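Computed from the coordinates by the stated procedures, all read-outs in this text should not be read as laboratory data. Because the structure is predicted, anything quoted here is derived from the model rather than measured. Cβ coordinates were reconstructed from backbone atoms using ideal geometry, including for glycine residues, and neighbour counts include every protein chain displayed.
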C-alpha cells in the first residue's frame, strides 16, 4: 500500500497575474516539481486569471519520508504560445511557491483548496498574484479515481474556486466555512497544508475594510454585530503576513470635535444615562432601593442604596448605538427584590436626547418627577442626565456597558474596565560587604576552638530576593574573627521603599546547617542615593546577636561587640532592565535629573481584533472569548476594556506616550479575561489566570514621522503542539516628532546611561536583576484595582527569553548564517573572477584592481560613495510597513514536538529527578551560549540595516556621513589618514574616554531582527 500511494496536486486556478507578453496579458502554465519529478499543466492563452482544474500525479516511493520534502510550484508565461512576433522560444517567470509536504492529508481525509501568494525569485523580480491548489495523497486506485473525477468535473463545468476577483456565492460559502474551521485547526504553519475539521454550523461575520478582500462578508444581526470578521482560512504565507487596512479613523466625513483627540480610532456612538440620586423613594419595610435603566432588552441596575429620603448612586450607563432596539429609554426606582413593582418611572424619547462632544463640559443632571404605578407624579424625584456621545466622553471609562450586561458581581465588573497603570520606579540597591570584625560564635569556645576554620559569609534579603557572598578567604594578616569579602550584592527595589534590608552573618557549620553570628535590619528608605560613579561613604554597623544571653547587652553600649563594614547606596544612574535590551521600551536612568528632553509622541489606536480563537466554551454562551488588550511602553501600561462574548472585539481606544528614545519598542498583547466567569461571591481559593492570545512588537525607529500606520497584525502563539495563529490585531500607530534636531541627536547618544559603561554589570547579574525586576513589577501591578495579573506582566516582559530553547538556538544560528552569507557571496565572486568563466567580467575586475593599486587614494572615496549610492538606490524598495512577528525567522514552523516540550519545560526541570541537576546546568550554560549567538547575529543584522532603510533616519544619517567621508578621504592623502588613524588608536589612556564613541552609539541604535522573534 505504501508503494502504491501517490501525491496529487490539483492546480485549480490563479488570478491577478503579471502581464509578461508585451501586450498586456500572459499565457500562463504551472510547473510542479517533487522528488526530482516535473509535471506541467496546459497553457492558458491570453488570460491573467486562468482556471486549469488539472490534476498532476507523483508516485511516492516512501510516504514516511514525505514530511521532510517540499513541493515546488512555479508559474511561467509561455512565450512560444503568446503569439508575439518577437517572442521566440522560452518562458517568463510569473511566480513561485514552496509548499512543505509535512501536512499533506492522508488518503480518506477531507481536502480543501488553499490559496498561496506567489513569491519572487530574486530582488528584482516583478511578481504579483495568487494561485489556488489542492494537495493530498491517494491510495492504490488513484488512477481510476482521478480519471473518474476528471470526467465528472468536465461534465459539471463548475470549478470549486473561481479566479476572478469578485466573490461568487459558492466562494463566499467556502470562505465562511473555512473561517469556522480555522477555530478548530491544529497549529498551522505558513504554506503548509492543514487537516481540516468536519464542516459545522457556519458563523457569519461582519465586514472589515481590508485591502486583500474586495467584498464584505454577510453581517450578523445588529444586536450581536462584530465589526471585524475572521479572515478567510488560507494556509499560505499571506495568512501570516501583515495586512494593511483602511478603517474610517476619526469618524470620517461625519467627525465631530472629538476627532482632534481621537483621530486614530473609529468613532463609536453611545447613549449615556447618568443616574445621580433620588429623593422621596421610601420602600416598605425599609428595604434598600435600586435604580434600573431599561432600553429594549437591555437592563442595567445600580448598587443598592439605603431606603430613606435620599438615595445616591451616581452611576453612568452606556448603551452602544448598535444595541439600541427601542425609541425610548426608561428609568425605574424599585425596592431591591421587589419584582416588577416600582416606586417611580421616568422615560425619555431618544429623538429628543441632546448630543455632546468633548471638549464641551459635562451635561448637568436635572431633577425629574417620576410616575408611580397609577401614573401620578410628585411622589418620587430622580436626578438624571441623558445624552449621546462617543468613546471620547469622560464617562466612558467608568460606565456600565450594555455589551457586558451578563457580567455580574463587583469583582468581574471591575475587571472589564479600561485602566492606565503606572509601573513603579525601579532602583538598583548596591550592598557592598567589605569586612567584619570581632565575630564570636554562639558557643563559648571561640572561633579557634571549633577545630576547623570557619566558613563565614553574609546573607542579604529584601522581600523575596536573597543573595549571599562567597565564604571569606583565608588571609595571613587576618584572623578568623575578622573576615574580609569586598563583594557587591545587587537588588531591585521599587518606590515607595517599604521593604527592609536584612543582613545576617553566618557560619557554614555542616551541610544543611548554618549558624547565625549576627543580624542587621535597615530600612531601604534610609539608604543614601547616588547619581554617578562617586562612591558613598562606607559605615560600620553593629550586629545584633538575637539572643538574651548574648555578648553585647542592649543596655550597655560600652561593651565589646561584633560589627560589619558596609557601603550601601541606591544607584539612580542605571536603567533597571525589566525587558531584553534588544526590544526595550525605555532606556532612561532611574534618576529623573539625568533624563534628556523627549523627542516625540507615540499615539496608539487599538481598533479591534478579528478571527480570535475561542478561549471558552460552556455556560450557555457557546465557543467565545472575553478579550482585552494590554500595551506597554516605558513605565506606562494601558489596558482596554474587556469586550465579552465575541471573537471579533472592537475596542477603539486611543492612548499616548512621550518618547525619549526613538530606538525603542512598544509591546501590545491580547488576553482572554478569565475573571468574567468568576463567581460573584469572590472565592479566591482558586487562582484565576488570564489566557494569553498573542502579542506584537513595533519598533519606533522603523516608523516614518507623522505617518499613520493602519495594519492587521497576526497574533502568533507558540503551543506545545506547534505554532498557531490566534487571530489578527488591528492597530493604528503614529509617531510624531516635535524637534528633528533632538531626534537625530539621539542616534549618537549612548544607548544606555553612563553608569552602565563606567561601572558595568556582569552578564549573570543582568539576567538575575531582570528576573527580580519582573517579579517586583508584577507584584506592584497585582496590587492595583483591577489587578494586572502576574501572567500578563511576565508575558509582556518576555521573562523566559533567556532560557535554553533548541528552536531559538536554531533561529539564532540561521540568523548568523544569513549575516555571513554576504562574505560567502564575496568569496564565490572572487572564485568566479579567478576561474575566468566570464572573461569580460574578469578583465574588468583586474583593471579595477590595477587602478586601485596605482591610485590607492581612490579606495576609501569609492567605497563610501558606493555605500551612499547603494543606500539611495534602495530607497525605492525600502520597507513600507513596520515589521511583525516572523514565524519562519523564529524557526517556529519547523520545530519538533520534542523541542517544544523542552522549551515549555519549567526551570528547574519537572521531567524527572535523576537528570534534573545536570540537565538544568546544561540548560543554564546553553542559554548563555544561545544569548551570545543571538547577540552576534544582532550585530550583523545592524550592519545590514545601515543601508536597508528599515530605520529611515539612520540610513539618511549614514548616507550623508558617507558622502562627507568620501570628500574628506579624497581631499586628504591616504598616508595622512592612515597615520592619523593609527595615532588616534594608540593614544595614551589619559586622552581616552570610557564612554563609547559616536560611531558605536549610532551602531548600537540600529534595528535588528531580535524584536520580531517569537
- Query: What ranking, highest mean first, results for peptides 36-47, 926-937 when packing means the other Cβ atoms within 10 Å averaged over each residue?
  - Reply: 926-937, 36-47
- Item | Residue order, fewest to most surrounding Cβ atoms within 10 angstrom, among 383, 370 | 383, 370
- By count of other Cβ within 10 Å, fewest leading, how are 506, 266, 533 ordered? 533, 506, 266
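Test of understanding: ordering 64, 544 by Cβ neighbours within 10 Å, fewest first, what list do you get?
So the ranking, lowest neighbour count to highest, is 64, 544.
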- For the pair residue 677 and residue 373, how long in nm is the line joining their label points, each one 7 Å along Cα→Cβ? 4.1
- Label-to-label distance, nm, for residues given as residue 813 and residue 310 (7 Å Cα→Cβ offset): 7.6
- Task: Determine, from the Cβ-Cβ distance of residue 325 and residue 119 and an R0 of 45 Å, the FRET efficiency 1/(1 + (r/R0)^6), rounded to the nearest 0.05.
- Result: 0.35
- Message: For a test of the definition: using alpha carbon positions, the gyration tensor, and the 1.5 limit on a/c, classify the stretch 716-814 as rounded, prolate or oblate.
- Response: rounded
- Message: Which residues among the stretch 835-861 fall inside the zone where the amide N is under 13 Å from a point 7 Å beyond the Cα of residue 977, along Cα→Cβ?
- Response: 855-861
- Note on the structure: Extension length gain for residue 468 and residue 488 (0.36 nm per residue less Cα distance), in nm, is 6.2 nm
- At R0 = 25 Å the Cβ-Cβ FRET efficiency linking residue 1001 and residue 859, nearest 0.05, sits at 0.40
- Query: What is the calculated FRET efficiency for residue 704 to residue 455, with r their C-beta to C-beta distance and R₀ = 60 Å, to the nearest 0.05?
  - Reply: 0.45
- Item | Linear extension gain, residue 831 paired with residue 847, 0.36 nm per residue minus alpha-carbon span | 4.1 nm
- Item | Virtual spin-label span in nm between residue 495 and residue 896, 7 Å along Cα→Cβ | 5.2
